[in-house]
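Novice: After the structure tokens below, expect a handful of questions from me.
The values are calculated or read from the model by the stated rules, or taken from the named source; none is laboratory data. Keep in mind that this is a model prediction, so the values were computed, not measured. Methodologically, a virtual Cβ is constructed for each residue, glycine included, from the backbone with ideal geometry; neighbour enumeration extends over all protein chains shown. Protein only, heavy atoms only, side chains kept; ligands, DNA and RNA dropped before computing areas. Shrake-Rupley method; radii C 1.70, N 1.55, O 1.52, S 1.80 Å.
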Amino acid sequence: MTDDNNKLRDETLCARGSDAHDLGAVAPPIYLSSTFRFESTAQVADYAGGKRERYQYTRYGNPTVEAVEVQLAALEHGTRAFLFASGMAATSTWCHAFLGPGDKLVAARQLYGGTTHFFEHFLRPAGITVDRVDFSDLAILERALPGAKGCWFETPTNPTMRIVDGPAVAALCRRHHVLSAIDNTFATPIIQKPLDWGVDWVMHSATKYLGGHADLTGGVLVTGSDGDAARVGETRRSLGGILDPHAAFLMHRGIKTLALRMERHNNNALALARWLAGQPQVSRVHYPGLADHPGHAIAARQMKGFGGVVAVDIRGGYEAAARFVDHLRVIINAASLGGVESLVSLPVLTSHVHATEAERREVAVTDGTVRISVGIESVDDLKADLAAALAAV
Ligand SMILES: *Cc1c(COP(=O)(O)O)cnc(C)c1O
């Protein structure tokens, strides 16, 4: 795509797809070739000497993968994107690229469980200091930042959709020369563009909304800084976590409808959150689109729509919540989120199974909390399904 594509609106960038391949195909071909032919030894010598940029080997780069990378860079208002085999491959590659023994990473206390596990069980033993702080208190964050190399946070967070002031975090990181990264999985570039806030890197689990159909595993890193991008490209090449071209094709297919899907996720989730708040079996609804959510004011400022995830507390604790989930017929009991189909899960059995009592209390996760990833079905069918399951509680 040309530079002009960066001025196109999200709906257009998604639907039009990528033309960063040279055959004129409207849907990108799946280049399964693991290696690419040179015409002469002189060409190999030019490539080896850095005089010529081209495809050589799919672990280094692949046209199908790159087609999606160009599209995602434009959507996130960055200049360079990298696709990975999973969200965790993206996160771990970023850490390998920028952190080493003796460095400090300031990480939000509320993060995806797999991210926290990686920081605690892989970064710490490698001699990296991981300082986990509450990002809702900017004074605490500012005290932690001096001397840090990197900063990692999420907003909204899983599962109670707590909101962090993204532009404020970005400004603090810039002031203290700390490289910042945000996991933008829950919001997607349709809802918020953290690079515009001044965040240095955006990460996604493309397994969720970007793919959108529960049929691929993938990850993304995007930046606007070319120097940092080269470092990540080099690290991905060494660690080998690049996405497979088949899955890249599926991701491109998924992104075609991303803007449309997010609009429906936002509308369905807001309608269900409002309705759930009026149900007697529900003691609390966590959704940033509701005025009583602790992050509502900041969310209204920095997000375009409030996302597709709603958490509810069912009166009667774990037994009642389990009965509720087991009586759902349309909404599926499965981990993960962000697909066209609605999914439900109990955080005490999934994301927060290893969390301490204090950690759960901090994010208001109780034994009766149920997370709903609201899909794009008829909101009336979803409401009827929820109503019948609530009646069974
Ligand atoms: C799922 C998820 C991840 C991890 O991504 P994988 O694709 O499963 O490796 C990271 N962050 C968030 C917020 C997620 O939901």
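Novice: Filter segment 145-176 for residues that are in contact with a helix residue (DSSP H, G or I) (Cβ under 9 Å, 6 or more places away or on another chain) and among the polar types (S, T, N, Q); which is nearest to the ligand (Cβ to nearest atom)?
Specialist: The selected residue is 158.
Novice: Now for a separate question. Exactly one of these conditions fails for residue 120: (1) within 16 Å of the ligand (Cβ to nearest atom); (2) among the charged types (D, E, K, R); (3) closer than 24 Å to residue 225 by Cα. Give me its number.
Specialist: It fails just one condition, (3).
Novice: For the condition without any contact (Cβ under 8 Å) to a residue 24 or more places away in the chain, among the small types (Gly, Ala, Ser) and either open to solvent by 10 Å² or more (accessible area, probe 1.4 Å) or closer than 23 Å to residue 149 by Cα (or both), what is the one hit in 230, 214?
Specialist: None of the others qualify; the one that does is 230.
Table: residues versus (1) at pLDDT 95 or above; (2) out of contact with any Asp or Glu (no Cβ under 6 Å at 6 or more places or on another chain); (3) open to solvent by 20 Å² or more (accessible area, probe 1.4 Å).
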position: 72; (1), (2), (3): yes, yes, no
position: 87; (1), (2), (3): yes, yes, no
position: 109; (1), (2), (3): no, no, yes
position: 113; (1), (2), (3): no, yes, yes
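Novice: Look through segment 203-249, keep the residues that are of a type in the set (Val, Ile, Thr) and away from the ligand (no atom under 16 Å from the Cβ), and return whichever of them is farthest from residue 154 (Cα to Cα).
Specialist: 235
Table: residues versus (1) within 22 Å of residue 65 (Cα to Cα); (2) within 17 Å of the chain's Cα centre (by Cα).
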site: 168; (1), (2): no, no
site: 180; (1), (2): no, yes
site: 184; (1), (2): yes, yes
site: 211; (1), (2): yes, yes
site: 217; (1), (2): yes, yes
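Novice: Quick one: which helices (runs of 4 or more DSSP H) sit completely within segment 293-363 and have at least 1 residues that are surrounded by 16 or more Cβ atoms within 10 Å (Cβ to Cβ) and at pLDDT 95 or above?
Specialist: Of the helices (runs of 4 or more DSSP H) lying wholly inside segment 293-363, those with at least 1 residues that are surrounded by 16 or more Cβ atoms within 10 Å (Cβ to Cβ) and at pLDDT 95 or above span 296-302, 317-326.
Novice: For segment 137-144, indicate whether the set of residues that are out of contact with any helix residue (DSSP H, G or I) (no Cβ under 8 Å at 6 or more places or on another chain), under 30 Å from residue 292 (Cβ atoms) and crowded, with 23+ Cβ neighbours inside 10 Å is non-empty.
Specialist: No.
Novice: Among the candidates 390, 386, single out the residue that is crowded, with 23+ Cβ neighbours inside 10 Å and either of a type in the set (Lys, Arg) or outside any strand (DSSP E or B) (or both).
Specialist: Exactly one residue qualifies, and that residue is 386.
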